[in-house]
1. For the range 209-228, which positions are more than 19 Å from residue 157 (Cβ to Cβ) and basic (Lys, Arg)?
2. Might you let me know whether the range 49-56 holds any residue that is under 30 Å from residue 107 (Cβ atoms) and outside any strand (DSSP E or B)?
3. Suppose the filter is part of a loop (DSSP other than H, G, I, E, B), at pLDDT 95 or above and among the aliphatic types (A, V, I, L, M); does residue 748 pass it?
4. Filter the range 478-528 down to residues that are more than 27 Å from residue 461 (Cα to Cα) and either basic (Lys, Arg) or free of Cβ contacts under 8 Å to residues at least 12 places away in the same chain (or both), then give me how many there are.
5. Hey, could you check the range 373-382 for residues that are of a type in the set (Val, Ile, Thr) and touching a His at 6+ places or on another chain (Cβ under 8 Å) and say which is farthest from ligand 2 (Cβ to nearest atom)?
6. Working only within the range 155-182, note down all residues that are assigned to a strand (DSSP E or B) and within 21 Å of residue 133 (Cα to Cα).
7. Return the residues of the range 322-336 that are surrounded by 19 or more Cβ atoms within 10 Å (Cβ to Cβ) and either touching a Pro at 6+ places or on another chain (Cβ under 6 Å) or among the hydrophobic types (A, V, I, L, M, F, W, C) (or both); say none if nothing qualifies.
8. Pull out all pairs, ordered by first then second residue, where Cβ-Cβ is under 7 Å, the residues are six or more apart or on different chains, the first lies in the range 367-389 and is in a strand (DSSP E or B), and the second is within 11 Å of ligand 1 (Cβ to nearest atom).
Amino acid sequence: MSKPQAIHLSDYRPPAYRVTHTELTFELDPSATRVKARLHLERHPEREAGEALELDGEQLTLKSIAIDGQALGEDEYRLTEQGLRIENVPASFSLDTEVEISPEENTALEGLYRSGGMFCTQCEAEGFRRITFYPDRPDVMATFSTTVVGDAASLPVLLSNGNPVERGELPNGRHFVTWEDPHPKPCYLFALVAGDLKQVEDRFTTMSGRDVTLQIWVEKENLGKTDHAMASLKRAMRWDEETYGREYDLDLFMIVAVNDFNMGAMENKGLNIFNSAAVLTHPDTATDAAFQRVEGIVAHEYFHNWSGNRVTCRDWFQLSLKEGFTVFRDQSFSADVNSAPVKRIEDVSFFRTAQFAEDAGPTAHPVRPDHYIEIGNFYTLTIYEKGAEIVRMLRNLVGWEAFRRGSDLYFSRFDGQAVTIEDFVACMAEASGQDLDQFMLWYSQAGTPEIDAHGEYDYARAEYRLILRQRTPATPGQPDKQALHIPVRLGLVGTKSGRDLALTLDGESLGRDAVIHLREEEQEFVFTDLAEAPVPSLARGFSAPVKLNFPYSREDLAFLLANDSDGFNRWDAGQRLALLALDDLIAAHRNGVEKVMDNRVVDAFRTLLTSDTDDKAVLAEMLTLPSEAYIAEQQPLVDVDAIHAARQFVKQSLARSLRDEFLAVYQANRDDSPYAPEPDQIAARSLKNVALSYLMSIEDEEGVALAQRQFEAEHNMTDVRHALTLLTHSSRDDLADPALKAFGQKWAHDPLVMDQWFSIQVSRPQEDALERVKFLMDHPAFSLTNPNKVRALIGAFAQNRVNFHRLDGEGYKLLADVVIKLNRLNPEIAARLITPLTRWARYDETRQELMKAELERIRAEDLSPNVYEVVEKALA
Ligand code: ARG
Ligand code: ZN
């Protein structure tokens with residue numbers, strides 16, 4: 001392959017020709033599908049006459065080509081690796097092409113491919129060019145009419161976007177269905193599904209009275225696993241009407257579950273295609289977390305119907321326009337229908353672990369990148385999650401009402417158009433009257449800003465001076481950073497009263513919980529009329545995606561943990577307190593000194609465990625120690641073994657000191673009533689299971705017995721899986737092996753449960769994790785061409801910090817071997833899988849060398865653009 005070239009945002013030009021209407025006919029065949037396309041094209045008004053027509057096309061065998069019905073001679077067009085070029089076309093014309101493609105050889109899962117016995121598509125971002133010659137870019141929007149022809153016996157169901165308008169029998173046992181999608185759309189939203197599928201149907205009446213048929217299509221054996229997705233869909237539809245005033249715009253909305261899928265799901269117009277892991281649930285096979293993930297993803301894809309489909313992106317640099325906004329929308333939805341504080345805690349702890357690491361590594365990029373080699377590499381935590389944090393800041397800056405007016409303006413002004421991030425922010429500025437120019441820097445500047453804060457209380461003047469200093473570290477290609485507009489929500493908690501004090505700033509009274517605006521590199525805020533000394537509670541609710549440093553003492557943190565009125569910061573104070581204790585223990589471990597537990601942490605946990613709380617879900621979060629990955633994020637240089645040992649020590653110390661308290665919590669939260677994925681039950685289960693983790697960490701008789709009993713009771717997958725994980729991660733193989741065996745046999749027929757079985761065993765801290773991975777790669781349920789399996793086995797192992805980072809380098813080698821194989825089979829998944837190796841700079845020299853050696857070994861291969869881009873950045 002030739003050296004891939006970067007594409008730049010600054011090179012954007014409108015397309016020379018637009019497609020107004022697209023007619024497609026598919027004659028499905030596993031190895032030789034025929035695709036006939038008739039494109040109605042016209043010259044773009046801003047472009048000159050006489051420009052050549054350039055169409056994207058990859059891995060297509062052209063069978064015929066004609067303009068306005070006239071076949072073209074071989075010298076009238078030119079075929080390249082990337083597509084097709086025709087000089088001298090009229091201002092308005094139709095183009096007919098017929099191509100042949102081979103779905104069964106398509107292991108990249110982009111374009112039209114086979115999954116089991118079915119045919120399905122994934123076109124975002126640039127998969128449509130593997131289906132037919134087309135201007136494969138989001139600013140070309142056309143109506144589509146699609147006829148799908150297939151074998152009636154093996155493919156009884158033939159689906160595409162929009163509404164079915166005609167169907168019938170054909171000779172040779174074939175049949176067809178024609179679909180019409182009246183809404184102009186970019187080709188990345190095209191979808192086709194054909195197979196032996198069954199459906200569950202429901203109805204929804206929209207706010208204006210449109211009667212919509214809802215269908216979820218699955219393979220027969222999964223018919224019992226759609227209830228939760230259907231209920232989630234209806235909740236999401238109602239929520240979008242009530243919250244954003246957006247209603248559905250077709251008579252039919254379909255979801256299809258497929259087993260082979262690179263990502264979570266795809267928002268194709270009227271025909272969402274889902275990774276089966278993101279849609280199927282059953283109490284016996286899916287955990288609470290999976291139920292909540294399904295609810296969130298169903299909502300996410302549904303919300304795209306407006307934020308993404310009706311109003312789409314001008315070019316792929318604007319990807320966060322639809323993804324950041326839609327993630328923000330799905331997060332708000334999940335917060336509304338579940339525990340809002342827990343949703344925020346979960347999102348932020350994930351964000352601070354994974355997005356911060358991305359932002360600090362060699363693949364760091366702005367929320368709106370200005371260049372890329374392969375757009376498939378930019379479906380990242382930065383584009384999605386940091387993009388959502390930016391939208392959240394906007395909502396908080398302008399207030400919900402102005403935000404809603406801005407969103408109404410955006411949807412009405414740009415309906416049916418492909419637009420930019422500026423267009424979105426301009427609507428917010430217009431609706432609120434606020435100046436958002438400096439705020440726009442959030443989109444173009446990569447890296448995580450750090451705020452160093454310190455404060456001083458002056459008794460004599462009854463004043464608190466808070467000094468905030470911001471800086472954003474250099475990232476690749478961006479050595480110098482400008483000051484951002486950072487909203488800092490805060491309270492000052494009185495040390496005597498334990499209450500939020502009234503805030504007066506520059507003579508203005510701001511209430512007890514306010515947002516201050518950091519716009520300069522350094523700013524001082526003087527709060528006056530404070531009768532008592534405060535402890536500041538800063539960046540409440542994670543009011544901006546930044547690292548906030550404040551020299552809190554452990555007493556300060558214990559105080560905030562007990563008194564902060566902001567639930568999120570109360571949790572965060574606990575995390576900070578635990579991190580301080582962990583720091584000492586990590587140092588002790590490295591220096592070979594005896595580890596001593598900080599009693600302030602034990603006391604804080606005792607208070608938590610024994611105080612009455614009505615919010616069990618938040619309590620469960622508060623009792624959860626920072627993950628090894630998050631602890632690693634805080635360390636200047638990551639010492640995986642010291643981190644693991646320190647965390648384990650804290651866990652066991654707490655378990656020993658508070659054994660009775662944990663036991664009481666466990667017993668008080670057992671529940672034998674039928675499983676429901678409802679907030680109260682979920683909260684009690686999390687609390688119970690957190691307690692069980694502590695009890696099991698010391699592996700005493702009672703903890704072990706409880707875990708075994710919970711495993712054997714088979715009450716629901718949340719409890720079973722948690723117990724199985726504890727048994728498998730214990731030091732005793734006589735606990736792990738029989739449980740794994742029983743579980744593996746019981747669920748051998750269920751691929752989604754087998755994924756969990758794979759992950760659990762390869763994430764165990766025991767030394768044999770790597771050998772297990774190798775062994776399981778030959779298991780009949782494993783397959784390198786199925787992304788879920790790769791994630792469950794290889795991806796999960798790469799998160800196993802002590803074992804992936806083995807000092808003999810075998811963990812790195814195993815990952816590189818898989819990347820090299822997947823580079824050919826599925827470049828998108830291969831590129832993603834490299835991520836842990838790209839973080840080599842965070843480790844000691846020995847590991848650095850080992851990791852770089854594996855990256856070099858990958859680099860020596862004939863690389864896909866996807867893997868090439870990541871490896872080059874990692875070694876730059
Ligand atoms: N737009 C999809 C979503 O809702 C993601 C699709 C990305 N697909 C891909 N192959 N990169 O998030
Ligand atoms: Zn999305």
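1. Once the filter is applied, which keeps residues that are more than 19 Å from residue 157 (Cβ to Cβ) and basic (Lys, Arg), the range 209-228 yields only 210.
2. So the first thing to find is which residues in the range 49-56 are under 30 Å from residue 107 (Cβ atoms), and the list is 54-56.
Okay, now just the ones that are also outside any strand (DSSP E or B), so none.
Scanning the range 49-56, I find no residue that is under 30 Å from residue 107 (Cβ atoms) and outside any strand (DSSP E or B), so the answer is no.
3. yes
4. The qualifying residues number 3.
5. Among them, the one singled out is 382.
6. Filtering the range 155-182 down to residues assigned to a strand (DSSP E or B) leaves 157-160, 163-170, 174-182.
Once the filter is applied, which keeps residues that are assigned to a strand (DSSP E or B) and within 21 Å of residue 133 (Cα to Cα), the range 155-182 yields 160, 178, 179, 180, 181.
7. 325, 327, 328, 333
8. Every condition considered, the pairs that remain are 372/378.
The values are calculated or read from the model by the stated rules, or taken from the named source; none is laboratory data. Since we're looking at a predicted model, the values are computed, not measured. All Cβ positions, glycine included, derive from the backbone under ideal geometry; neighbour counts span all protein chains shown.
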